[in-house]
Each structure stands twice: as structure tokens, then as C-alpha cells.
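The values are calculated or read from the model by the stated rules, or taken from the named source; none is laboratory data. Note that this is a predicted model, so its numbers are computed, not measured. In this analysis, Cβ positions are derived from the backbone assuming ideal geometry, glycine residues included, and neighbour counts consider all displayed protein chains. Note: accessible area is taken over every heavy atom of the protein model, side chains too, but ligands, DNA and RNA are not part of it. Shrake-Rupley method; radii C 1.70, N 1.55, O 1.52, S 1.80 Å.
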Amino acid sequence: MQTTLYGADVVLRPATADDIPALAAIRAEPAVYARWRGGEDLAAAVAEDLAAPGEYSYAIENEGRIIGAIQWSQESDPDYRHANIDIYLTSVLHGRGLGTDAVRTLARHLLTERGHHRIAIDPAADNEAAIRSYRKVGFQPVGIMRRYERGPDGTWHDALLMDLLAEDLTD
């Protein structure tokens, strides 16, 4: 069961169908769309994300308004158990530490409440701002995943696999 999580400046609450228009509008912002895409019907893409089995989506709020989404999933095999995180944030608030706060808040929950010892995240290798943000939480680079994701232009792009061990989480 998902619960509402409180960070220093953000609130992460379980996303609902009522959040789809606001999240689709954020996904339509050029800087967000370039990383997340979603086709021509972004409302349908967001709805699909919210309904994906095994994925848990939160709306990110700041000062009472939706500013993005963060989601997590997990590998449940006991020999490989870990969690994964993905996030997007309205571009007008990039660089203000709110994404870092959201990632740290969810990571703390996954480590302390859900019992994970390791969390992975995989930003595009050229997404320097995201990589800086994740490093502030304690994520460390593991390696480049070559030609990992197809971009909007149809070409394959590298991603940076990063992980966070419980003892690496920063406050």
C-alpha cells in the first residue's frame, strides 16, 4: 500500500486519475518531453504509467501544486532484490533542488520502510543536471549502458546506470 511521503520541500502522494491532466501538461513541456516522450496522446501515456503493473507512481507536490511525478518498481527475486526510480519535474522548477528532495524522500522510504538495500536509476548519459542531482542523494555511477534508449530522433543513446546503497544515502 502506498502512503504519502514528506520531504523537506515536496510531498509525494499516490498519483490518481485526477492527476493525469496536470502530469500530461508537464510531460508536454519541451525539456521534459525530450527525455520522457510519450507519443501524441500524453494523457494516455500518463494513464498507462499509472496503471502499469508492478510500478508505483507518486505525484510530486510543492506548495500545494503538482510539479511532476516519481515512480518506482522492484526486482523481487531475493537474490537480486532492489528498487528502481524514475522522475520528471516541470522544467520551470529545474535546478531548485526539488527533484533532489523528491528522489531522496522516495529513496529513504524504499530503504527504511520497504527494506531495499540498493536502488538503481538510469539517466541519459548526457543529462548532466539529473546526474548531479542524483549524486547529491548519494547515487554513484556504475557504468554506461551503451545504446540503451531510443531517442525522439530514432537514434540510440547511452544511459548512465547509477545505484545507491543504503549506507550511501545523504541527508
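Starting from the eigenvalues of the Cα gyration tensor, five times each then square-rooted, give me the equivalent ellipsoid semi-axes of segment 8-107, largest first, whole Å.
21, 17, 12
Over all directions, the average projected area of the alpha-carbon convex hull for the chain comes to how many nm²?
Spelled out: convex hull of the Cα atoms, projected over all directions, averaged, 9.7 nm².
Expressed in nm to one decimal, what extension gain is obtained for the pair R81 and E128 from 0.36 nm per residue of sequence separation less their Cα-Cα distance?
14.1 nm
Taking 0.36 nm per intervening residue step and subtracting the Cα-Cα distance, what contour gain separates K136 from R108 on full extension?
8.7 nm
I'd like to check one number: the per residue accessible area of the chain, probe 1.4 Å, reported in Å² as a whole number.
54
Could I have the simple spin-label model distance between A34 and R65, label points 7 Å from Cα toward Cβ, reported in nm to one decimal?
Output for this residue pair reads 2.3 nm.
Each residue of segment 104-111 in order: what ³J(HN,Hα) in whole Hz does its phi give by Karplus 6.51 cos²θ - 1.76 cosθ + 1.60, θ = phi - 60°, with x for Gly and Pro?
4, 4, 5, 4, 4, 4, 5, 7
Could you go through segment 21-28 in sequence order and give the Karplus-derived ³J(HN,Hα) for each residue, using 6.51 cos²θ - 1.76 cosθ + 1.60 with θ = phi - 60°, rounded to whole Hz, and x for Gly and Pro?
Result, rounded to whole Hz: x, 5, 5, 5, 5, 5, 4, 7.
Which percent of the accessible heavy-atom area of segment 5-59 goes to carbon and sulfur, probe 1.4 angstrom?
Here it works out to 57 percent.
For segment 96-147, evaluate the Debye formula with one uniform point scatterer on each Cα (no solvent term) and list log10 I(q)/I(0) at q = 0.20, 0.23, 0.25, 0.29 Å⁻¹, rounded to two decimals.
-0.73, -0.91, -1.02, -1.19
R147 versus R96, label points 7 Å from Cα toward the beta carbon: distance in nm?
In this crude spin-label approximation the distance works out to 4.1 nm.
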